1. Looking only at the stretch 52-92, count how many residues are open to solvent by 60 Å² or more (accessible area, probe 1.4 Å), assigned to a loop (DSSP other than H, G, I, E, B) and either closer than 20 Å to LEU119 by Cα or of a type outside the set (Val, Ile, Thr) (or both).
2. From GLU228, GLU207, GLU160, grab the single residue that is of a type in the set (D, E, K, R) and modelled with pLDDT of 90 or more.
3. Test of understanding: among GLY123, GLY129, which residue is open to solvent by less than 50 Å² (accessible area, probe 1.4 Å), touching a residue at least 24 places away in the same chain (Cβ under 8 Å) and closer than 25 Å to ARG34 by Cα?
4. Going through the stretch 110-120 one residue at a time, which ones are open to solvent by 40 Å² or more (accessible area, probe 1.4 Å), of a type in the set (Asp, Glu) and modelled with pLDDT of 90 or more?
5. Could you go through the stretch 22-30 and let me know if any residue there is surrounded by 11 or more Cβ atoms within 10 Å (Cβ to Cβ) and under 18 Å from GLY123 (Cβ atoms).
6. Given the options PRO178, PRO138, name the one that is out of contact with any Gly (no Cβ under 7 Å at 6 or more places or on another chain), in a loop (DSSP other than H, G, I, E, B), at pLDDT 85 or above and of a type outside the set (Gly, Ala, Ser).
7. Search the stretch 143-163 for residues being more than 18 Å from ARG126 (Cα to Cα) and hydrophobic (A, V, I, L, M, F, W, C), and hand back the single one that is surrounded by the fewest Cβ atoms within 10 Å (Cβ to Cβ).
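The values are calculated or read from the model by the stated rules, or taken from the named source; none is laboratory data. The structure displayed is predicted, hence computed values, not measured ones. With ideal geometry, Cβ positions are generated from the backbone for all residues, glycine too; neighbour counts draw on all protein chains shown. Heads up: the accessible areas ignore ligands, DNA and RNA and are worked out on the full protein's heavy atoms, side chains in. Shrake-Rupley method; radii C 1.70, N 1.55, O 1.52, S 1.80 Å.
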Amino acid sequence: MTHPDATPSQGERRLQAHLGTSERADAFYDRQVRPYLTAPMREFIGRQSMVFLSTADARGHCDATFRAGPPGFVTVLDEQTLAYPEYRGNGVMASAGNLTENPHIGLLFMDFTRDHVGLHVNGSARIVGDQDIRAAHPWIPVDTAPGRQPVLWTYITLHEAYVHCSKHIPHLEPAPRPLRLTRARPRDADYFTGPLPALARSDAGPEQAPAGPADDGPAGHPLIGSREL
């Protein structure tokens, strides 16, 4: 049975009709979209060491971010439930804070190395304490990330899961992170907020004239805005 939040949006359907892709979209929904995690999906998540995720607050203001950890740090609890730990980090708690206002969450797992394929997982989430999730699921590893202690967990009920095709996924090889950078650079806290290093300014080259308007596809539909942005 499909979760009601997993049905195609009206916007999807209107654009499919406008572009003539409704039949292709229906075939994709039928073949690929599942309201639960299949056995291959669960195995796939269990060997991933990173995930991209998106949330939004009550106003609909979005935030996209990245999580990483040992393979399987996102724990599959059953075919419709998964969870990942939240650490203190920079203390902002943007994603977790959004979820206290708006439970919708989207995750994208990407395999850049072995099979060059991705998995979308969309669902609703709530924030739970470390002791609470371990009381319900005592088999969860205590040391999900060596040396780090979760302060919270994001507990996700799945609405839909489906493939991200391999066509444009680059191949990346895992490698140990260098102990030292090959060149001097600002600290993380200053990287985007401090002055531009002189070398970067000289590498930027002459200022380019703005490009003309791009041909961004069919117009003439109320959902497709003017090119005069």
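1. Let us first name the residues in the stretch 52-92 that are open to solvent by 60 Å² or more (accessible area, probe 1.4 Å), namely 52, 58-59, 61-62, 64, 66, 71, 78-80, 88-90, 92.
Those left that are additionally assigned to a loop (DSSP other than H, G, I, E, B): 58-59, 61, 71, 79-80, 88-90, 92.
Restricting the remaining residues to those that are either closer than 20 Å to LEU119 by Cα or of a type outside the set (Val, Ile, Thr) (or both) gives 58-59, 61, 71, 79-80, 88-90.
So the count comes out to 9.
2. The match here is GLU160.
3. On the way: GLY129 fails: closer than 25 Å to ARG34 by Cα.
None of the other options fit; the residue is GLY123.
4. none
5. yes
6. On the way: PRO178 fails: at pLDDT 85 or above.
Result of the check over PRO178, PRO138: PRO138.
7. If we filter the stretch 143-163 for residues that are more than 18 Å from ARG126 (Cα to Cα), which is where we start, we get 143-149, 161-163.
Now restrict to residues that are hydrophobic (A, V, I, L, M, F, W, C): 145, 161, 163.
Working: ALA145: 14, ALA161: 27, VAL163: 17.
By that ranking, first place goes to ALA145.
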